[in-house]
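Since every read-out is calculated from the coordinates, none of them should be taken as a lab result. On a predicted model such as this, the values are computed, not experimentally measured, just so you know. In this analysis, Cβ positions are derived from the backbone assuming ideal geometry, glycine residues included, and neighbour counts consider all displayed protein chains.
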Amino acid sequence: MEFELRDISFAYGSKAVLQAISIILEPGRFYGVIGPNGCGKTTLLDLMVGHRQPAAGEIRYNGKGLASYSRRRLSREIALVPQNFYINFPYTAREIVMMGRYPYIPRFARPDPEDHAVVDSIMEQTGIQAFRDRRVTDLSGGERQRVVFARALAQDTPVLFLDEATSNLDINHTLSLLKVVRQRMVSGGRTVVAVLQDINLAAMYCDELIFMQKGNIYTRGDTDAVLNPDTLNAVFNVDTDITFNAFADSKQVVFKK
């Protein structure tokens with residue numbers, strides 16, 4: 001399912017955040033969104049999932065204006081793992097993951113056997129079965145993040161957005177979940193758009209990188225083409241050495257002190 005942004009702009013009051021952004025995202029690709037703090041990465045995702053409306057321009061999804069989709073229909077098309085997830089109700093981890101199936105469950109109905117099968121499979125793949133019956137309010141930050149990750153995968157959508165979704169995870173679980181995402185989504189012809197702070201992780205998993213700077217897209221393209229010292233110096237004002245690493249099977253970045 002293709003996303004197309006046409007001259008998108010957005011502002012918080014008088015402060016411009018995004019300026020005339022135009023981009024097409026094709027299915028079957030893992031996109032990494034990279035850029036300094038405050039450059040508009042999260043705002044861009046908020047617009048693409050329909051949480052905010054652009055001040056100017058249009059966002060089209062699968063050939064239709066994003067605003068024309070009902071919330072229920074959109075929730076069958078797009079899933080989001082946010083930066084932060086706050087909940088004060090003592091739902092169990094499994095109940096939270098089951099919330100990912102709500103777009104498919106008729107009103108006042110109960111989950112059917114297929115819903116339960118999807119949830120159990122996703123919990124197994126994401127390694128959270130061990131605390132399936134624990135209250136989410138009793139989980140650590142990293143455990144909660146893994147539950148929210150699983151909830152989004154249980155939505156079984158053509159598009160998945162990750163907004164710094166691994167920020168609370170240790171490296172083991174980060175690698176494991178990104179591997180699951182790549183296997184389930186990209187190999188199935190679906191689309192992943194991830195805001196990532198770790199450039200080396202982005203280099204390992206992303207097919208394309210979108211570098212943002214001051215509310216604009218500085219450059220975008222295949223990871224190997226755009227990940228270079230000149231780009232990182234222009235976007236982050238840092239000096240780097242970038243080489244292909246056979247062990248990681250990708251380019252990797254070393255920063256100068």
With 0.36 nm assigned to each residue of separation and the Cα-Cα distance removed, Asn88 to Val238 gains 49.9 nm
If the elastic network links every pair of Cα atoms under 10 Å, which of Val97, Val238, Val180 fluctuates the most in the Gaussian network model of the chain? Val238
Cα centroid distance between segment 195-257 and segment 138-175, in Å? 23 Å
So, R0 is 22 Å and r is the distance between the beta-carbons of Asp249 and Asn172; what FRET efficiency does that work out to, to 0.05? 0.75
Based on alpha-carbon centroids, what's the gap between segment 79-128 and segment 1-74 in Å, whole number please? 26 Å
I'd like the Karplus ³J(HN,Hα) series for segment 97-109: coefficients 6.51, -1.76, 1.60, θ = phi - 60°, whole numbers in Hz, and an x wherever there's a Gly or Pro. 5, 4, 4, x, 8, 4, x, 9, 9, x, 4, 6, 9
By how many nm would the segment from Ser68 to His51 lengthen if fully extended, with 0.36 nm per residue of separation less the alpha-carbon distance? 4.8 nm
Value at 222 nm in deg cm²/dmol, rounded to 500, when DSSP H runs of n ≥ 4 in the chain each add -39,500 (n - 2.57): -8500 deg cm²/dmol
Cα Rg over Rh - segment 4-78, Kirkwood: 0.95
Among beta bridges assigned by DSSP with both residues in the chain, the antiparallel ones amount in percent, to the nearest 5, to 60 percent
One point scatterer per Cα, no solvent, Debye formula: log10 I(q)/I(0) for the chain at q = 0.16 Å⁻¹ comes out as -1.26
Inter-label distance, nm, simple model (7 Å from Cα along the C-beta direction), Lys214/Ser22: 2.1 nm
